[in-house]
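The values are calculated or read from the model by the stated rules, or taken from the named source; none is laboratory data. Bear in mind that the values here come from a model prediction, so they are computed numbers and not experimental data. Using ideal geometry, Cβ is built from the backbone for each residue, glycine included, and neighbour counts are taken over all protein chains shown.
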């Protein structure tokens, strides 16, 4: 009943290699069926994101078999992943899954997106009937652990990306971002990420200005903004309460003079300017203006560094929660063996009782004395039920096996109750 986790991630493999091992949505169903057909695999879930590809399996299966299947499925050489993969089994595999879902193994510590991706992987496996009782319980408990970590620690709090830090700063300066108009200069990935964070904070009015108008329109369509070209900047700046600039320009795009003019048109209502570009997009002299507040990527980096330290402390707290939950799941897993033993023992005793009862009923039908029949029934049943325990007791006594003697003594040391009582 071993649980295994085999995979590669951003820590062990380059993005080129991760891309080669990733599963597309179209491949996933076929891949799940193929993993389930491997010898020894009883259940399977495949987690595949831009930063990781992982196989979670339940069954007696070797890591070499899983690794060989993964490379073979993607038509890679047998040794392509030799120095880039990891294999966890048993308790380590359980802990790893819970850490992944809680954001502790992510490129950005504490990021919440991975939990949704793990849930999607689990749902895909459910649709393919490749999740049974064990992985069902493991993944459900993992989702509860991730929620507990999110609620009881600060691992997902505080900005640890430049884009999010910029929005966090704006949120602290402006009490209500919903009423703020934001101008994004540049239409690259960073600007789009800023726009997404702004939307999550309730910002309703975003303007995107870019050198290429078509690219500005494409981004604006994705984030629900309006698009303009950089040539319109002088008209756009006075409208903006918040300006976030992130372009690839080698020279400043926004000068002190243009902000000075914008402030006059705004009747000196304050402006927050955040320059995420390197080299800088906004002239440093803008800071000399009374109602302009300029922050650069270096200013944000100090905030991010402090927040990362806070998250690392929270991650240590989260690991305590995960270890406790791993132990709880392990205890449940071990109990399954005793459940099976109890089931087998009860089946065995019921079979014996039925056999002797059948003989006793036959004797009663033959007219034999009921008291004598019942006495014989009781004697023979007791004899068979106590035969093996008696031999075990004798053997343990002869070998001075105190552990076995103590365990067997528990069978009668406590008064037993009739299971039918109270029904």
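Among the candidates 359, 334, the residue that is exposed (fewer than 12 other Cβ atoms within 10 Å of the Cβ), part of a helix (DSSP H, G or I) and out of contact with any helix residue (DSSP H, G or I) (no Cβ under 7 Å at 6 or more places or on another chain) is uniquely 334.
Conditions (1) out of contact with any strand residue (DSSP E or B) (no Cβ under 8 Å at 6 or more places or on another chain); (2) closer than 18 Å to residue 349 by Cβ; (3) surrounded by 14 or more Cβ atoms within 10 Å (Cβ to Cβ), marked per residue:
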position	(1), (2), (3)
365	yes, no, no
368	yes, no, no
372	yes, no, no
385	yes, yes, yes
388	yes, yes, no
397	yes, no, no
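The set of residues from segment 1-49 being over 18 Å from residue 86 (Cβ atoms) and assigned to a loop (DSSP other than H, G, I, E, B) comprises 1, 24, 37, 38, 39, 40. Using the structure shown, decide if residue 366 is closer than 30 Å to residue 104 by Cα and modelled with pLDDT of 90 or more. Against the criterion (closer than 30 Å to residue 104 by Cα and modelled with pLDDT of 90 or more), residue 366 does not qualify. In segment 233-284, the qualifying residues are those that are surrounded by fewer than 14 Cβ atoms within 10 Å (Cβ to Cβ) and within 38 Å of the chain's Cα centre (by Cα), and the one that is modelled with the lowest pLDDT is 278.
Among the residues of segment 185-203, are any at pLDDT 90 or above, surrounded by 18 or more Cβ atoms within 10 Å (Cβ to Cβ) and closer than 30 Å to residue 326 by Cα? Within segment 185-203, none of the residues are at pLDDT 90 or above, surrounded by 18 or more Cβ atoms within 10 Å (Cβ to Cβ) and closer than 30 Å to residue 326 by Cα.
Scanning segment 99-120 for residues that are closer than 16 Å to residue 9 by Cα, in contact (Cβ under 8 Å) with a residue 12 or more places away in the chain and part of a helix (DSSP H, G or I) yields 99, 100, 101, 114, 115, 117, 118. Taken over segment 275-305, residues that are touching a residue at least 60 places away in the same chain (Cβ under 8 Å) and either assigned to a helix (DSSP H, G or I) or more than 29 Å from residue 257 (Cβ to Cβ) (or both) amount to 5.
Taken together, the residues in segment 50-91 that are touching a helix residue (DSSP H, G or I) at 6+ places or on another chain (Cβ under 9 Å) and assigned to a helix (DSSP H, G or I) amount to 6.
Just one of (1) in contact with a strand residue (DSSP E or B) (Cβ under 6 Å, 6 or more places away or on another chain); (2) surrounded by 18 or more Cβ atoms within 10 Å (Cβ to Cβ); (3) over 17 Å from residue 275 (Cβ atoms) fails for residue 177. It is (1).
For residue 413, only one of the following conditions fails: (1) at pLDDT 75 or above; (2) within 51 Å of the chain's Cα centre (by Cα); (3) surrounded by fewer than 11 Cβ atoms within 10 Å (Cβ to Cβ); (4) farther than 30 Å from residue 138 by Cβ. What is its number? So the condition that residue 413 fails would be (1).
Where helices (runs of 4 or more DSSP H) fall entirely within segment 136-223, those with at least 1 residues that are under 25 Å from the mean Cα position of the chain (by Cα) are at 162-173, 189-200. Among residues of segment 255-274 that are on the phi > 0 side of the Ramachandran plot, those with a beta-carbon under 9 Å from a residue that is surrounded by fewer than 20 Cβ atoms within 10 Å (Cβ to Cβ) and not in a helix (DSSP H, G or I) at least six positions away or on a different chain give the pairs 268/290; 268/291. Taking residue 17 as the residue in question, decide whether it is surrounded by 15 or more Cβ atoms within 10 Å (Cβ to Cβ) and modelled with pLDDT of 95 or more. The answer is no for residue 17. Could you please let me know if residue 392 is surrounded by 13 or more Cβ atoms within 10 Å (Cβ to Cβ) and either modelled with pLDDT under 90 or not in a helix (DSSP H, G or I) (or both)? Here the answer is yes, as residue 392 does meet what is asked.
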